[in-house]
Structure formats: structure tokens, C-alpha cells
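Peer 1: The following block contains the structure, expressed as C-alpha cells.
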């Protein structure tokens, strides 16, 4: 068993809970941009998460030429699910490419200069980034008057 593939499966499970929640929201709330969140919407945050995987794992680590994910081109949760299906393929490609070589250095050029980061850092960054924004999405839903489900992994525990 590859531990990172298993870990990503857990990430996808929490994302599925979040998707099911988002499917219960009125469309106007899914796309509503709130000033309290810098003008972001639930949809925009979802797209931002997928774009982070695309940028760090796809472009920087795998050196792919991938188009930016435009949140305004995604009209509903079903379309967002399709974006994340492609994201899942990209993550699994990354995990296969670096399996057993998590200390491999990836040189990244950014506006702030050159960075040398490991494949493990890249995977950790993108996964924790998703969970950070998952919390924001849940908070946005609450601000819009909706009660979110528990999006942690608690439902996966087997009672003693």
C-alpha cells in the first residue's frame, strides 16, 4: 500500500462530503461572492483549491502546460466535480512519479526568486491548502445561513 495514495483517498472522502453539502445549497449561494471573504465564493474557493494542485503538482513538479482554472467558467457543483476528477488524475500521476522519492528536489521559479523544494513538501502543501479552504467553504456556508455537515473524517471511524 502506498501511504500517500491512501492519504489522498481520505482527502477525496472529505471532499465528497463537502460536494454533497454544496449540492444542497441554492445555486445563488454557491456562487455568491462575499466581501467578508475578500469577494470569494464557495465556487471560487473550490476552483482555487483545484488550481493550487494544478500549479504546484502539474506545472511546477511535473512540468506540464496546463491552463488556469477559471472559476467563472464553472457553473455548478457537477461541473466542479469534473474539474476535481481531472485534479485527482493529476495528483495520482504526481504520486506515481515521485513514489519512494519524496526527498527529490523540485526547483521552482517564482516572482520572489528560486526555490528548491521536495516532492513531499509539494504534496503536503497542496493537501493542507485544500483543508484550509475546506474550512473557509464551510464557514461561508454558515454565513449564508446553511448548516454544514461535519466535514472531518469522523464518519469514517468504526465505534469501539
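The values are calculated or read from the model by the stated rules, or taken from the named source; none is laboratory data. Because the structure is predicted, anything quoted here is derived from the model rather than measured. Backbone-built Cβ (ideal geometry, glycine too); neighbour counts: all protein chains shown.
Peer 1: For the stretch 1-11, which residues satisfy the criterion of being within 20 Å of residue 149 (Cα to Cα), touching a residue at least 40 places away in the same chain (Cβ under 8 Å) and exposed (fewer than 14 other Cβ atoms within 10 Å of the Cβ)?
Peer 2: 10
Peer 1: Also, quick follow-up: For residues that are at pLDDT 95 or above and out of contact with any helix residue (DSSP H, G or I) (no Cβ under 8 Å at 6 or more places or on another chain), scanning just the stretch 60-72, find the one that is nearest to residue 90 (Cα to Cα).
Peer 2: Selected residue: 67.
Peer 1: While we're looking at this one, here's another question. Test of understanding: among 84, 98, which residue is within 16 Å of the chain's Cα centre (by Cα) and crowded, with 18+ Cβ neighbours inside 10 Å?
Peer 2: Only one candidate passes the filter, namely 84.
Peer 1: Further, regarding this structure: Do we find a residue being free of Cβ contacts under 8 Å to residues at least 60 places away in the same chain and touching a strand residue (DSSP E or B) at 6+ places or on another chain (Cβ under 6 Å) anywhere in the stretch 86-105?
Peer 2: yes
Peer 1: Residue by residue through the stretch 32-59, note down the ones that are out of contact with any helix residue (DSSP H, G or I) (no Cβ under 7 Å at 6 or more places or on another chain) and touching a residue at least 60 places away in the same chain (Cβ under 8 Å).
Peer 2: 32, 40
Peer 1: Let me ask something else about it. For residue 40, indicate whether it is touching a strand residue (DSSP E or B) at 6+ places or on another chain (Cβ under 9 Å) and closer than 25 Å to residue 123 by Cα.
Peer 2: Answer is yes for this residue.
Peer 1: Looking at the stretch 130-148, is at least one residue over 26 Å from residue 73 (Cβ atoms), under 19 Å from the mean Cα position of the chain (by Cα) and assigned to a helix (DSSP H, G or I)?
Peer 2: Scanning the stretch 130-148, I find no residue that is over 26 Å from residue 73 (Cβ atoms), under 19 Å from the mean Cα position of the chain (by Cα) and assigned to a helix (DSSP H, G or I), so the answer is no.
Peer 1: Could you give me the residue pairs with C-beta distances under 7 Å whose first residue belongs to the stretch 125-152 and is under 19 Å from residue 10 (Cα atoms), whose second residue is outside any helix (DSSP H, G or I) wherever it lies, and which are 6+ apart or on separate chains?
Peer 2: 134/151; 138/148; 138/151
Peer 1: Here are 23, 28: which of them is surrounded by fewer than 18 Cβ atoms within 10 Å (Cβ to Cβ) and in contact with a helix residue (DSSP H, G or I) (Cβ under 7 Å, 6 or more places away or on another chain)?
Peer 2: 23
Peer 1: Determine if the stretch 58-68 includes at least one residue that is in contact with a strand residue (DSSP E or B) (Cβ under 8 Å, 6 or more places away or on another chain) and either within 25 Å of residue 5 (Cβ to Cβ) or surrounded by fewer than 20 Cβ atoms within 10 Å (Cβ to Cβ) (or both).
Peer 2: Yes, because at least one residue in the stretch 58-68 is in contact with a strand residue (DSSP E or B) (Cβ under 8 Å, 6 or more places away or on another chain) and either within 25 Å of residue 5 (Cβ to Cβ) or surrounded by fewer than 20 Cβ atoms within 10 Å (Cβ to Cβ) (or both).
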